[in-house]
1. All but one of (1) of a type in the set (Ser, Thr, Tyr); (2) farther than 30 Å from residue 81 by Cβ; (3) without any contact (Cβ under 8 Å) to a residue 40 or more places away in the chain hold for residue 51; state the number of the condition that does not hold.
2. Out of all the residues in region 60-103, which are hydrophobic (A, V, I, L, M, F, W, C), in contact (Cβ under 8 Å) with a residue 40 or more places away in the chain and open to solvent by 30 Å² or more (accessible area, probe 1.4 Å)?
3. Pick out the one residue from 45, 23 that is within 19 Å of the chain's Cα centre (by Cα), more than 30 Å from residue 185 (Cβ to Cβ) and not charged (D, E, K, R).
4. Cβ-Cβ below 7 Å, separation at least six or inter-chain, first residue in region 115-131 and in a loop (DSSP other than H, G, I, E, B), second among the acidic types (Asp, Glu): which pairs?
5. Among the residues of region 1-40, count how many are under 24 Å from residue 165 (Cα atoms) and either of a type outside the set (Asp, Glu) or surrounded by fewer than 12 Cβ atoms within 10 Å (Cβ to Cβ) (or both).
6. Assess whether residue 57 counts as being open to solvent by less than 30 Å² (accessible area, probe 1.4 Å), free of Cβ contacts under 8 Å to residues at least 24 places away in the same chain and not polar (S, T, N, Q).
7. Out of the residues in region 133-177 that are modelled with pLDDT of 75 or more and loosely packed, with under 13 Cβ neighbours inside 10 Å, state the one that is nearest to residue 96 (Cα to Cα).
Amino acid sequence: SIRKTLIVGTIGAMVTLLIASGAFLYLTVRASLLRQFDQALLDKAHVLIDSVEVKSGRIVFDNEDLDMAEFHSKKGPGFLHIGTTAGDSIYRSPLFEDFNLEYELDDDQDLSLGSAQLPDGRRVRVVRARFEPQVDDEDVTEASASGVRHIDVDVVFEFARDTAPVMDTLRRLAFTLIAFGIGTIALSSALLYLVIQRALKPLDALATEI
């Protein structure tokens with residue numbers, strides 16, 4: 001019937017539009033949040049990397065003036081390991097006392113981002129870097145005088161942060177969008193049904209007279 005066709009067609013088009021717009025909004029917000037998360041991770045990584053230097057012929061991690069709270073607990077959001085290509089360990093956060101983090105990098109650059117999963121199922125984003133440590137000013141003078149480099153190894157830097165806060169935000173957003181969509185569809189369908197019913201009354205009367 002005309003009534004059924006109008007109702008089903010209009011509601012179908014409305015549902016399709018709501019799903020498409022909701023999906024677009026979710027994916028846009030997700031991409032933006034993950035991009036901001038990665039940028040914050042890289043910014044923190046650069047600060048940490050700048051604190052690795054050569055002093056008195058040794059590679060040290062000078063973190064006295066840094067906020068290291070996120071690395072002091074196995075349940076913390078941040079995990080850090082700084083070592084050398086010779087296999088020496090300079091700094092390990094509690095997480096890395098038990099295992100080495102395995103991850104897949106987005107690319108193969110000197111400074112790369114990647115993803116990993118912890119044994120407890122948590123997902124983390126990882127920054128991996130390999131670099132030549134900067135030399136302390138006094139060591140630079142000594143190296144210039146002797147004409148040799150103090151350190152013949154590179155630093156291997158691994159910094160990871162739990163993505164749980166971002167994922168929680170995205171789950172809340174998805175729930176909100178679904179709840180809003182269902183409510184909107186239910187209310188709009190009811191109003192649409194009443195409007196179509198009233199609009200088709202003259203046709204019903206005409207059909208009765210015929």
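1. (2)
2. 86, 90
3. The match here is 45.
4. 122/162
5. Matching residues across region 1-40 total 18.
6. In short, no.
7. So the residue we want is 164.
The values are calculated or read from the model by the stated rules, or taken from the named source; none is laboratory data. Please read these numbers as outputs of a predicted model, since none were measured by experiment. Don't worry about glycine lacking a Cβ; one is built from the backbone with ideal geometry, like all the others, and counts go over all protein chains shown. Just the protein is used for accessible areas: all its heavy atoms, side chains included, with ligands, DNA and RNA removed. Shrake-Rupley method; radii C 1.70, N 1.55, O 1.52, S 1.80 Å.
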